[in-house]
1. Please give every one of the lysines within straight-line cross-link reach of C:LYS409, meaning a C-alpha to C-alpha distance under 27 Å, and leave out same-chain neighbours fewer than 8 residues apart.
2. How large is the convex hull of the Cα atoms of region A:2-115 per residue, expressed in Å³ as a whole number?
3. Over region C:3-98, what is the relative contact order in whole percent, taking alpha-carbon pairs under 8 Å and six or more residues apart?
4. Once the Cβ-Cβ distance between C:ALA93 and C:ALA157 is put in as r, and R0 is 45 Å, what FRET efficiency do you end up with, to the nearest 0.05?
5. Would you kindly state how much longer the chain becomes between C:ALA255 and C:VAL361 on full extension, computed as 0.36 nm times their sequence separation minus their alpha carbon distance, in nm to one decimal?
6. List the lysines whose alpha-carbon lies under 26 Å from that of B:LYS11, not counting same-chain residues fewer than 8 positions away?
7. Give me the dipole magnitude in Debye, nearest 20, for the protein assembly as shown about the Cα centre, with unit charges on the beta carbon: positive for Lys and Arg, negative for Asp and Glu.
8. Looking at region C:254-356, which trypsin sites (Lys or Arg not before Pro) are DSSP coil and have at most 13 other C-beta atoms within 10 Å of their C-beta?
Amino acid sequence: MRFIVLVQHTPDVYDSKPREADLAVMGAFNDEMVKAGVMLDAAGLVSPAKGTRIDFSRGAKPRVTDGPFTEAKEIVAGFWLIEAKSQEEAVAWMRRAPFDKMHDHAAIEIRRLMVDEDFE
Amino acid sequence: MRFMVLVKATKNSEAGKMPTPEGLALMDDFNQELIKGGLTVLDGGGLVPSSKGTRIKFSGGKTTVVDGPFTEAKELVAGYCLIEATSQDEVVDWMRRAPFGKIDGEAEVEIRRLFGAEDFA
Amino acid sequence: MSASETHSAIEAICRIESTKLIGALTRMVRDLDLAEELAQDAFVEALEQWPVSGVPRNTGAWLMTTAKRRAIDRLRRNARLQQKYETLGVDLAVFSSDGDPADGADGIEDDVLRLMFIACHPVLSREARVALTLRLLGGLTTAEIAQAFLVPEATIAQRIVRAKRTLAAAHVPFEVPNPEERNARLASILEIIYLIFNEGYAATAGSTWVRADLCADALRLGRMLAELAPSECEAHGLVALMEIQASRFRARTGANGEPILLLDQDRSRWDRASIRRGIAALERAELHGTLGPYALQASIAACHARAFRAEETDWMRIVALYDALAELQPSPIVELNRAVAVGMAYGPAAGLELVDALRDVPALQSYHLLPSVRGDLLRKVGREQEARTEFARAAALAKNTRERELLRKRAGLR
C-alpha cells in the first residue's frame, strides 16, 4: 500500500528557518527509510507565498490567484510517499520522524493513496 | 523542476463520494491531453478521506497519534499530482483547463514547486 | 488508550524493527531459531507493557535490551543452552552489556546483509529460501506467505522449520561470504528476490490483492539490498528492472482480463514515478562496472519506458542491448526477443531470418510466442497463408484463454 504523508505546519513553525543540524537529523531519518526500502519520494514544498491557487466553479471560468494566501492556518510544508504493508506500519515509520528535535510542535497527516480496487 | 498540485478536499470527497464514470472519463481525457502536450505527469491520485487518515503530533517531546476525522483541520487534501515541467506558469496554464468544475462543481487546487537540486546548489 | 498503544499499532512497530533485531541477535547467539524466539519474547513483552507505560522513545533499543534480558533468563534456567552457547562460541558477556558493541549504522547494516545471505544460502531449496527471506527480511507472517503462494500455512511453517534445521546442520557460518564466494552468493539473493517479484507479476487478472503485494515486497527487498551492497551493479540493475516492469501493472490487462502486449499498451497508464525510480537505479548500476543481465534487461525495459508512443521506440538500441545480453546469458528466449527487435529495427525479413533459425530449438517447441512472432513477421512480408498457419499453431499452444482467442482471430479462425 502506498501512503502520502503531508507535513502540516502552522505559519510560525513554517517560517522558522531550518538549521544545519535539523537538516542532518531529518536526513538521517530519511536514510533509515531508504535503507528499509520503504521510501518512494520525499520533498519540501516552496513557500505558498510563491504558490498559485486555482478555483473552479461549474459554469464559471477558473480563477487564478498567486500567493501569499493570508488565511492559511496550516501550510503543507512537505511530503513523503512511502510503501508499507498497512496503515499501522506507515504510522510506525512516521512516528520516528525527528520533528521534536527541530520544532516546538509539528503535525503530519498520513493518508492512504486510493487504488483501482477502491473504485469497485 | 517538479511541482505538486494539491487538490483540496470538498464535502463530496470527504464523504467518500466517488466521481461518476463520466467524471472519471473527463479526468482521463484531461490526463491524456497533458501527456500529449508534453507535460510529464509523474504520479497522482486520490487520497482516502481524512476520516480514515492518521495524524501524528509532535509536541514537547511527546508523540501523539490521532485517528481521523480531524475536527480542527483547516486544509484538507483530497488528491495530488506530481508534475515535471519547465516552469510554474506551464503547470498553471495546463491545470486551469482541468475539468474539476464539470466533475465536482467546486474545486480548489494549489500549485507548489518542490525544493530540488537547483535550490541546494 | 490512545491510538498509539493499540495492539495492531504495537505489532506494526515490532514488525518494522524485527529484521534489524533478528539480525543482531543472530550475530550474538549464532542460532537463527533462538534469535527469532528471543525476538518474539521481546515482542510479547512490548505488547504487554507499552499499553501501560507508553511506547518508548527508542523502540529498537528497548526491544534489544528486553531480548538480551530474556537470553540471560534462558541461560540461567537451561544448562544445556549454556553448553550450546559455548560450543557455538557465543560471547556471553554481550548479554550483560548495555547497548550493543556493534552499535552504529555499519554494525546494523552488516547484520541485515548477513541475514540476507543466510536466508538465501544455496544449501536451501528455492522454496525454503523464498519462505525464509520473506519471513526474516520481508517481515511477513507465516500466514501472509502462505496466502501469497496459495499453500496451507502449515506447509510454510514446516518449510521454515526445516530450513533453519538445514542451516544449523550444515554449520553455515553467520558471516558475510568471502570474496571468492560473494558473486555466486549475491546471485542467489538476486534470484530469490526476482522469483518473488515474478510470482506476483505473473498473477493473472482477477487475482487477489495479496499477489500484487508480492511485487511490492520484492521491490522493498531489492531496494534494501541495493542500499546494503551499493557497489554491486546487479543489485541496482534488479531494482531498475522490477521498478520498470511494475510500472506497467495497470496497463497489462484489458477490461476482460485479456493480456495486452507491451506494444499495444496504453502508455498513459504506465506509472511514471516508478519509471523515474527505475531509471535512477539504472544510472546507479552504470556507475559500478559492466552491466550484467539484470541491468541489461532493465536497459531494454527503459528503452520502452522512454518512448511515449510505441512508434518512437529506439529499436536499434534494443538490438544492441540484446546482443550484449545474448553474450552474457545466451538462451533461446533471449534470441527470440532479439529477433523481434531486429525485425522492428531492420525490417521483417531480417527478423524472419533469425526466427527461422530458431524453429527447431527444443526449448521453444511448446512456447506459443515462437509461432506467434513468426506469424507476425510472415504477415509483414506478405506471406499471408503461412502466417495464418503459424497463428493457428500458436493458438493451440497458448495456455491463456484470452490469448488463445486473440491468436485464433489473427489466424482467421472463428
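Please treat every number below as a calculation from the coordinates, not as lab data. Note that the structure is a prediction, hence the values are computed from the model and not measured. Here the Cβ positions follow ideal geometry from the backbone for every residue, glycine too, while neighbour counts run over all protein chains shown.
1. Within the straight-line limit of under 27 Å, C:LYS409 reaches these lysines: C:LYS380, C:LYS399.
2. Working: hull volume 14.4 nm³, N = 114.
Spread over its residues, the Cα hull of region A:2-115 gives 127 Å³ apiece.
3. Numbers: 73 pairs, mean separation 28.9, N = 96.
Value for region C:3-98: 30 percent.
4. Numbers: r = 34 Å, r/R0 = 0.76.
So, using R0 = 45 Å, E works out to roughly 0.85.
5. Values: separation 106, 0.36 × 106 = 38.16 nm, distance 3.54 nm.
So the extension gain works out to 34.6 nm.
6. A:LYS61, A:LYS73, B:LYS52, B:LYS57, B:LYS74, B:LYS102
7. On the way: 84 positive and 95 negative charges, 281 e Å.
Rounded to the nearest 20 debye, it is 1340 debye.
8. Details: sites: C:ARG267, C:ARG269, C:ARG272, C:ARG276, C:ARG277, C:ARG284, C:ARG306, C:ARG309, C:ARG317, C:ARG338; in loops: C:ARG309.
Sites meeting the loop and neighbour criteria: C:ARG309.
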